[in-house]
Amino acid sequence: MAAPTTARPAPAATGRVHAVQPWGFAVRELRYWLTNYRRTWRGSVISSVLGPVLYLSAMGAGLGTLVNRHSAASLGGVTYLAFISPGLLAAQAMQTGFGEAMYPVLGSVKWVSNYFAAAASPLRPRDVFRGHLMFVTMRLIMNCAIFLAVIAAFGAVRSPLVVLALPVAVLTGLAFAPALMAWAVTRTTDVSFSVLMRFVMVPLFLFSGTFFPVSQLPGWLQPVAYVTPLWHGVELCRGLALGTADVGGAAVHVVYLLAWAVAGSVAAQLTYRKRLNE
């Protein structure tokens, strides 16, 4: 006698379930990533705390003493620690987006193959992407909240509006993560990742206003910095932290970051569908 098998739901029935619960299956994918994270969260939390502590100690409190002594006027009269802290918050969000959107995605299609396992169930490729993106968003919230708490502990807060820097930093990370996920799911090797890290992430980190005003860059390079998502995140986080943000400028920054996040999400749903339906 043949062993009983579990039949996959008929297409019509599956379609009705998706119509009733459009995000329900994405939550199932999220639960997979949360289950995995239960085994590694301690190490990630430790690095999430040590990173901002070391950065702010070395760059803000260490190098900052020299900057405060010679270049305080160019920073608008604030200390270097107060200037650099919100910029590092946005930069940390970008780095988290890079880290969570590349190797975990490649591993899911090449080494662990959990994406294909999920796609063999009633989950659609868009559910796989959305569930993973929800987990990436959770990681962004965690890392940015910890970074913001460290900034407060260092006494670098100048305005109560700094609490709004948390969602802005998360949005900055999301301006990068979906597009990177769209790219990573199409890869078969990690060769391109080192190129992205060296020639995209690092230059953005150094030249998007994190450590010094963009106005100090060469004239031909300033427009390049202004069109990067990180510059918009840095400027808005800094404006909120220092209490200098205005509604009009903040709206422009938010819309620009949202546009990148939405465009990346649209691209990712297309590339996920193509890769997981092969």
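Quick look at the values:
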item	result
Test: residue in the range 139-149 that is open to solvent by less than 40 Å² (accessible area, probe 1.4 Å), at negative phi and without any contact (Cβ under 8 Å) to a residue 12 or more places away in the chain	no
Long-range neighbours under 6 Å by Cβ, at least six apart or interchain, first residue farther than 11 Å from L164 by Cα within the range 226-249, second open to solvent by 40 Å² or more (accessible area, probe 1.4 Å) and among the small types (G, A, S)	none
Candidate set: the range 184-196, residues that are open to solvent by 70 Å² or more (accessible area, probe 1.4 Å) and part of a helix (DSSP H, G or I); chosen: the one nearest to L88 (Cα to Cα)	V195
Residue match in the range 164-183 (condition: of a type in the set (V, I, T) and open to solvent by 20 Å² or more (accessible area, probe 1.4 Å))	no
Single condition T271 does not satisfy, out of (1) open to solvent by 20 Å² or more (accessible area, probe 1.4 Å); (2) at pLDDT below 95; (3) over 20 Å from M94 (Cα atoms); (4) in contact with a helix residue (DSSP H, G or I) (Cβ under 8 Å, 6 or more places away or on another chain)	(2)
Pick from the range 5-51, criterion among the aromatic types (F, W, Y) and over 16 Å from A119 (Cα atoms), ranking: modelled with the highest pLDDT	Y37
Residue check for G97: part of a helix (DSSP H, G or I) and either out of contact with any helix residue (DSSP H, G or I) (no Cβ under 8 Å at 6 or more places or on another chain) or among the small types (G, A, S) (or both)	yes
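The values are calculated or read from the model by the stated rules, or taken from the named source; none is laboratory data. Since the model is a prediction, treat every value here as computed from it, not as a measurement. Note: ideal-geometry Cβ built from the backbone for every residue, glycine included; neighbour counts use all protein chains shown. Keep in mind that these areas ignore ligands, DNA and RNA; they rest on the heavy atoms of the full protein, side chains included. Shrake-Rupley method; radii C 1.70, N 1.55, O 1.52, S 1.80 Å.
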